[in-house]
């Protein structure tokens with residue numbers, strides 16, 4: 001893996017984004033109380049031994065920089081290699097759906113050129129949640145002799161935001177935006193030779209508003225570049241809207257799924273915070289929930305995920321909800337099937353209730 005570098009991109013938009021990403025990129029969305037979505041892409045790489053990672057930022061990068069910093073918490077604050085924070089291109093809504101934007105690669109070509117000792121590049125986005133042994137993935141690619149290897153999974157539901165691949169016995173033959181049940185869904189993870197990626201940057205520089213893999217298919221080059229698929233059979237969550245985000249958090253309340261997503265030999269790394277442990281006051285009631293450091297629980301919390309420094313006052317009830325950092329649920333308030341962004345205050349006696357099919361969302365810092 002010393003011959004492999006990573007490239008993570010967060011400079012893209014999705015169709016119909018929720019109000020949760022109005023002031024932050026999807027990559028920095030809090031997850032499971034203590035993580036951010038970007039943690040999974042970075043952890044997959046460093047757990048496999050990749051020590052040089054380029055990170056292409058979106059225009060609204062502040063929260064990502066605050067979280068990732070120098071890469072210290074992932075072991076990427078290094079003299080040789082390390083984390084390279086790079087600018088993404090900024091040119092309006094044409095980034096929609098293009099997760100591996102050619103223009104971003106053109107703009108940051110120097111990262112690929114300067115790491116000339118690397119033979120391979122692993123590319124990843126931040127919308128998919130899974131924990132994969134990337135070393136096996138790269139070794140499978142090398143052994144196959146394919147030009148490009150992509151990670152895929154059979155779609156279990158319709159999703160208009162996921163790129164689908166048409167395949168035959170040889171490999172990928174075409175693509176379509178949006179997948180239906182049973183389609184081959186691209187999990188936004190690929191590996192190829194560094195020199196090939198540089199060649200592709202040159203090939204498609206004239207259509208740099210395109211996604212790299214869309215350009216490959218639409219130009220007809222898919223007939224001369226072999227693209228192999230590796231089917232992933234582990235847990236995957238595709239987070240492209242509020243319902244998917246809510247479901248992914250609720251899925252992880254299942255201990256079996258949680259253990260699969262963070263095995264002991266490949267645990268998910270994140271930014272360290274110095275907070276006191278959660279405190280469960282006399283009379284509190286907590287069932288099947290993830291409660292984070294710094295929380296103070298006086299009331300009831302059921303089937304929910306709480307980020308750091310959340311207060312649930314006496315008589316308050318939180319059920320089937322995601323409560324983000326610094327939120328206070330006042331006495332007698334009831335929150336159910338909801339996502340409350342950070343620094344909210346839910347007034348005493350207030351009831352905030354959505355449904356599992358239409359989760360209620362409250363944006364940052366409202367009283």
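Can you list the residues of segment 155-182 with backbone N under 14 Å from a point 7 Å past the Cα of residue 223, pointing along Cα to Cβ?
The answer is 173-174, whose backbone nitrogens lie closer than 14 Å to the label point.
Does segment 153-301 classify as rounded, prolate or oblate by the C-alpha gyration tensor (a ≥ b ≥ c root eigenvalues; a/c under 1.5 gives rounded; else a/b over b/c gives prolate, otherwise oblate)?
prolate
Beyond 18 Å, what percent of the Cα pairs of segment 75-221 remain?
62 percent
When a/c reaches 1.5 or more, the comparison of a/b and b/c decides; with that in mind, is segment 279-362 rounded, prolate or oblate per its Cα gyration tensor?
The shape class here is rounded.
Express the Stokes-Einstein translational diffusion coefficient of the chain in µm² s⁻¹, to the nearest whole number, given a Kirkwood radius over alpha-carbon pairs, 37 °C and a viscosity of 0.692 mPa s. Could the numbers behind the result be given before it?
Numbers: Rh = 21.4 Å.
It diffuses with D of about 154 µm²/s by this estimate.
For segment 276-318, just the Cα set please: Rg and Dmax, both in angstrom.
Cα radius of gyration and Dmax of segment 276-318 are 8.8, 24 Å respectively.
How are the alpha carbon pair distances in segment 29-112 distributed across 5 Å bins from zero to the largest one, expressed in percent?
The percentages, shortest bin first, are 3, 12, 23, 23, 22, 12, 4, 0.
Order of 54-65, 304-315, 14-25 by packing, highest average Cβ count within 10 Å first?
Peptide ranking by packing, descending: 304-315, 54-65, 14-25.
Take the Cα gyration tensor of segment 220-297, multiply each eigenvalue by 5, square-root it, and list the three semi-axes largest first, rounded to whole angstrom.
Computed over segment 220-297, the values are 38, 15, 13 Å.
Principal axis lengths of segment 97-144 from Cα atoms, whole Å, largest first?
If we take the Cα atoms of segment 97-144, the spans are 30, 30, 17 Å.
Taking Cα atoms, how many degrees apart are the long axis of helix 194-203 and the longest axis of the chain, rounded to 10 and kept between 0 and 90?
It works out to around 80 degrees.
Note the angle between two axes, namely the Cα long axis of helix 38-47 and the longest principal axis of the Cα atoms of the chain, as a number of degrees from 0 to 90, rounded to the nearest 10.
Tilt of helix 38-47: around 60 degrees.
For n ≥ 4 DSSP H runs only, could you compute -39500 (n - 2.57) per run for the chain, divide by its residues and tell me the 222 nm figure to the nearest 500?
Dividing the helical sum by the residues of the chain leaves -5500 deg cm²/dmol.
Only the coordinates and a few stated rules stand behind these numbers; no lab work does. Please read all numbers here as calculations on a predicted model, not as lab measurements. For neighbour counting, all protein chains shown are included, and Cβ atoms are generated from backbone atoms with ideal geometry for every residue, glycine included.
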